[in-house]
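The values are calculated or read from the model by the stated rules, or taken from the named source; none is laboratory data. Not measured: the values here are computed from a predicted model. Note: ideal-geometry Cβ built from the backbone for every residue, glycine included; neighbour counts use all protein chains shown.
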């Protein structure tokens, strides 16, 4: 008997090279594949560091109701900037995010506008963590049964 009880071995080879990028997005599992597809296909960021939390970057926008989450995510980002040498951070919000309705009590009518405002605040907070850090923000929405990504806060 060995020390390990292996149940699966990925056929994808391990690559130790860092790409110095991270994404902060909502942990809603319905969108995970689309987020990866966008990061790989559009932005060319393979093997990026992931911070998936309910509401994504909303917690970095200074909401009192998300203060604890914001401090944790900021701490994790600062760690990744320092240890993984991040040079780029991508923030993604998504349509109909339950974090906004359930935790922040935002009405559906105000949701998109609030998300754009929050992404702008989150961009500034992340940029303040390290001089020269490139930060982009996007809003993912459903269009004709597909998830499309619109630039936010250019």
Test residue 51 against the criterion of being more than 19 Å from residue 149 (Cβ to Cβ), within 12 Å of the chain's Cα centre (by Cα) and buried (at least 18 other Cβ atoms within 10 Å of the Cβ), and give yes or no.
no
Restricting attention to the stretch 80-97, and to residues there that are out of contact with any helix residue (DSSP H, G or I) (no Cβ under 6 Å at 6 or more places or on another chain) and under 14 Å from residue 114 (Cβ atoms), which single residue is surrounded by the fewest Cβ atoms within 10 Å (Cβ to Cβ)?
96
Would you check if there is a residue in the stretch 3-10 being surrounded by 10 or more Cβ atoms within 10 Å (Cβ to Cβ) and either touching a residue at least 24 places away in the same chain (Cβ under 8 Å) or more than 12 Å from the chain's Cα centre (by Cα) (or both)?
no
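What do you reckon, is residue 43 farther than 26 Å from residue 101 by Cα, crowded, with 16+ Cβ neighbours inside 10 Å, in contact (Cβ under 8 Å) with a residue 24 or more places away in the chain and under 14 Å from the mean Cα position of the chain (by Cα)? Break it down into steps so the answer makes sense when it comes.
On the way: farther than 26 Å from residue 101 by Cα: yes; crowded, with 16+ Cβ neighbours inside 10 Å: yes; in contact (Cβ under 8 Å) with a residue 24 or more places away in the chain: yes; under 14 Å from the mean Cα position of the chain (by Cα): yes.
So residue 43 passes the test.
Looking at 15, 36, can you tell me which residue is surrounded by fewer than 17 Cβ atoms within 10 Å (Cβ to Cβ) and over 19 Å from residue 140 (Cα atoms)? Lay out the reasoning, then the answer.
Values: 36 fails: over 19 Å from residue 140 (Cα atoms).
Among 15, 36, only 15 is surrounded by fewer than 17 Cβ atoms within 10 Å (Cβ to Cβ) and over 19 Å from residue 140 (Cα atoms).
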Name the residue, out of 114, 151, that is touching a residue at least 12 places away in the same chain (Cβ under 8 Å) and either closer than 19 Å to residue 66 by Cα or surrounded by 14 or more Cβ atoms within 10 Å (Cβ to Cβ) (or both).
114
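Only one of 128, 107 is more than 16 Å from residue 59 (Cα to Cα), loosely packed, with under 12 Cβ neighbours inside 10 Å and over 15 Å from the mean Cα position of the chain (by Cα); which?
Working: 128 fails: more than 16 Å from residue 59 (Cα to Cα).
Selected residue: 107, the only one of 128, 107 that is more than 16 Å from residue 59 (Cα to Cα), loosely packed, with under 12 Cβ neighbours inside 10 Å and over 15 Å from the mean Cα position of the chain (by Cα).
Tell me, please, whether a residue that is assigned to a loop (DSSP other than H, G, I, E, B) and either modelled with pLDDT under 95 or in contact with a strand residue (DSSP E or B) (Cβ under 9 Å, 6 or more places away or on another chain) (or both) can be found in the stretch 34-41. Please lay out each step first, then the result.
Here is the first cut: in the stretch 34-41, the ones assigned to a loop (DSSP other than H, G, I, E, B) are none.
The answer is no, given that none of the residues of the stretch 34-41 is assigned to a loop (DSSP other than H, G, I, E, B) and either modelled with pLDDT under 95 or in contact with a strand residue (DSSP E or B) (Cβ under 9 Å, 6 or more places away or on another chain) (or both).
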